[in-house]
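Let me begin by presenting the structure, written as structure tokens, before commenting on it.
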Amino acid sequence: MQHEKPQAHFNQLYLDISQSLAGTSEQLEALQVDHEEGRQALGGIRERLAEIRAGFDGELSLLQQHAEWDKFTIAFFGETNAGKSTVLEALRILFSEEARQALLEANDRDLVSYERALRTQIESVRASLQGAMRAHAERLSAMTEATGRLTAIVQAESSARVRMRHALFTIAGAVLGVVLTFGALKMLAVH
């Protein structure tokens, strides 16, 4: 049985997302709006989508450059004293992990500084993620608002067109009725 490599799976996933964003951009480019405010709203949506697409493509490029598919992380979990650490240490001894052993010996008493560094790194990552999430949420909110305005404009334009069409048909019907009536009267007057 052949197993699909994770890299191929993720590459296809990234390609699908990128193609979806490109397709949405193309659909928005093809959309025509007569109303000036509608055109402005549509332009804003197009710009925001282009920003999102550029950000995604940049993050994708960074991930593809730095992803390591030949190394895997294995996690052990379980109850206290179940032997997780024993298994890990046995693997380290089995594979003669000299670098890890040297690091443990050199920094045995410096656990507090590692904890501080880890906390700092976690806070930095958390702040970055929160900032990115806020930025994306603001962009999505703006796009939602613009889409709502555009929908209202399109509906108003559509309603105006339908009312105009009904008025034209009413006028045409009245004119046709008058013409037919005069024609009938004329025929009756001749006889």
Inset, instruction - Please check the chain for the longest run free of chymotrypsin sites (Phe, Trp or Tyr not before Pro) that are loop-located per DSSP (anything but H, G, I, E, B) and have at most 14 other Cβ atoms within 10 Å. - result: 96-191
Inset, instruction - Give me Ile17, Ile52, Ile45, Ile74 ranked fewest to most by other Cβ atoms within 10 Å of their Cβ, as a rough exposure proxy. - result: Ile74, Ile17, Ile52, Ile45
Inset, instruction - Step through the residues of region 21-36 one at a time and calculate ³J(HN,Hα) from phi using the Karplus curve (6.51 cos²θ - 1.76 cosθ + 1.60, θ = phi - 60°), rounding each to whole Hz and writing x for Gly and Pro. - result: 5, 5, x, 5, 4, 5, 5, 5, 5, 7, 6, 10, 10, 7, 6, 4
Legend entry - Estimated FRET transfer efficiency (Ser25, Ala167; beta-carbon r; R0 35 Å; 0.05): 0.35
Inset, instruction - Among the GluC sites (Glu not before Pro) in region 73-181, which ones are in a DSSP loop with at most 11 other Cβ atoms within 10 Å of the Cβ? Mind listing them? - result: Glu79
Inset, instruction - Just grab the label-to-label distance for Leu111 and Ala174, each label 7 Å out from Cα along the Cβ direction, in nm (one decimal). - result: 9.3 nm
Inset, instruction - Mind putting together the pair-distance distribution for the chain? All Cα pairs, 5 Å bins, whole percent per bin, short to long. - result: 1, 5, 7, 8, 9, 9, 9, 8, 7, 6, 5, 5, 4, 3, 3, 2, 2, 2, 1, 1, 1, 1, 1, 0, 0
Legend entry - Calculated from backbone phi, Karplus (6.51, -1.76, 1.60) coupling profile of region 110-127 in Hz, x at Gly/Pro: 10, 5, 4, 5, 5, 5, 4, 4, 5, 4, 4, 5, 4, 5, 5, 5, 4, 5
Legend entry - Dipole moment magnitude, nearest 20 debye, the chain about Cα centre, only Lys, Arg, Asp, Glu C-beta charged: 1140 debye
Legend entry - Sites Val125 and Leu88 - FRET efficiency at Förster radius 35 Å, r taken between beta-carbons, to 0.05: 0.90
Legend entry - Label-zone membership for region 165-184, site Val190, 7 angstrom Cα→C-beta point, backbone N under 12 Å: 183-184
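We did not get these values from a lab; they are worked out from the coordinates using the rules stated. None of the values given here were measured: they were computed from a predicted structure. Here the Cβ is made from the backbone with ideal geometry for all residues, glycine too, and neighbour counts use every protein chain on show.
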